[in-house]
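The values are calculated or read from the model by the stated rules, or taken from the named source; none is laboratory data. These numbers were taken from a predicted model, which means no experiment stands behind them. Here the Cβ is made from the backbone with ideal geometry for all residues, glycine too, and neighbour counts use every protein chain on show.
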Amino acid sequence: MEHGGGLRVVTNDGPRNLAEGVPRKPAAPSRPRAYVREVSNVHVMADRYLRPGWFTTKVFNRGVAGLTGLGISVWGSRVLAVRGRTTNEWRTTPVNVLTEGGERYLVAPRGTTQWVRNIRVAGTGELRLGRRSEAIRVIELADEEKPPVLRAYLRRWKLEVGVFFEGTGAKATEAELLAIAPNHPVFRLTD
């Protein structure tokens with residue numbers, strides 16, 4: 001949103017320019033106002049999340065998690081276990097672990113999922129395959145670091161997850177990959 005003049009907040013008391021600290025115009029008392037923030041020259045994007053459908057949740061993810069739980073990796077799949085950010089209980093989901101340039105990565109094709117929110121808070125988790133469990137630490141990559149990882153991820157799993165990348169494929173330009181990078185959190189696994 002382009003507006004000239006700093007941060008503007010709309011509250012039940014009406015819009016205020018925080019730089020000036022004074023109300024401009026009172027809000028109509030008959031309808032409640034939402035809290036809106038506008039920052040000049042900064043694009044604030046809401047977290048993107050594509051919720052999985054019934055088939056993915058009830059059949060596909062359970063099938064992959066079941067095979068992975070038995071020790072059968074489906075194209076590098078693992079079960080990611082992360083402590084919930086509010087409950088502190090283990091939460092699990094199947095993920096694809098990408099190995100690229102000697103580093104390992106987790107990519108969130110659906111955007112800011114619950115596992116992404118949890119691992120951002122915890123910073124640690126476990127990758128499970130059968131009875132084996134590997135403790136992991138993660139560092140989230142900045143958007144400008146993501147294109148080579150996204151390219152490798154799409155090269156490996158385009159058939160499975162390509163639909164979540166807005167038509168962008170492994171042969172996309174650097175600029176195209178940078179454009180979609182904010183929609184896909186990427187984490188590097190560290191020792």
Completion exercise
The condition of being more than 21 Å from the chain's Cα centre (by Cα) and modelled with pLDDT under 90 holds, among G76, G71, only for G71
Completion exercise
Among the residues of the stretch 63-91, the number that are in contact with a helix residue (DSSP H, G or I) (Cβ under 7 Å, 6 or more places away or on another chain) and of a type in the set (V, I, T) is 3
Problem - Single residue of the stretch 88-113 satisfying the filter (polar (S, T, N, Q) and touching a residue at least 24 places away in the same chain (Cβ under 8 Å)) that is nearest to D143 (Cα to Cα) - result: T112
Handout entry: Residue pairs meeting the criteria (Cβ under 6 Å; at least 6 apart or on separate chains; first in the same structural domain as A179 (by TED's automatic domain parsing) and within 12 Å of Y105 (Cα to Cα), in the stretch 131-147; second surrounded by fewer than 16 Cβ atoms within 10 Å (Cβ to Cβ) and of a type outside the set (A, V, I, L, M, F, W, C))
Key = R137/T124; R137/T190; I139/T190
Exercise for the section: Filter the stretch 165-175 down to the residues that are within 21 Å of D47 (Cβ to Cβ) and surrounded by fewer than 19 Cβ atoms within 10 Å (Cβ to Cβ), then identify the one that is farthest from the chain's Cα centre (by Cα). Expected result: G167
Practice task
Kindly check whether there is at least one residue in the stretch 108-126 that is of a type in the set (D, E) and either closer than 21 Å to R156 by Cβ or assigned to a loop (DSSP other than H, G, I, E, B) (or both).
Solution key: no
Fill in the blank from the handout: Residues of the stretch 127-161 being in a strand (DSSP E or B) and surrounded by 17 or more Cβ atoms within 10 Å (Cβ to Cβ), in sequence order, are L127, R128, L129, I136, V138
Handout entry: Residues of the stretch 91-107 that turn out to be in a strand (DSSP E or B), within 11 Å of V149 (Cα to Cα) and not aromatic (F, W, Y), as a count
Key = 7
Exercise for the section: Could you look through the stretch 64-90, keep only residues that are assigned to a strand (DSSP E or B) and in contact with a Leu (Cβ under 9 Å, 6 or more places away or on another chain), and pick out the one that is nearest to P182 (Cα to Cα)? Expected result: L80
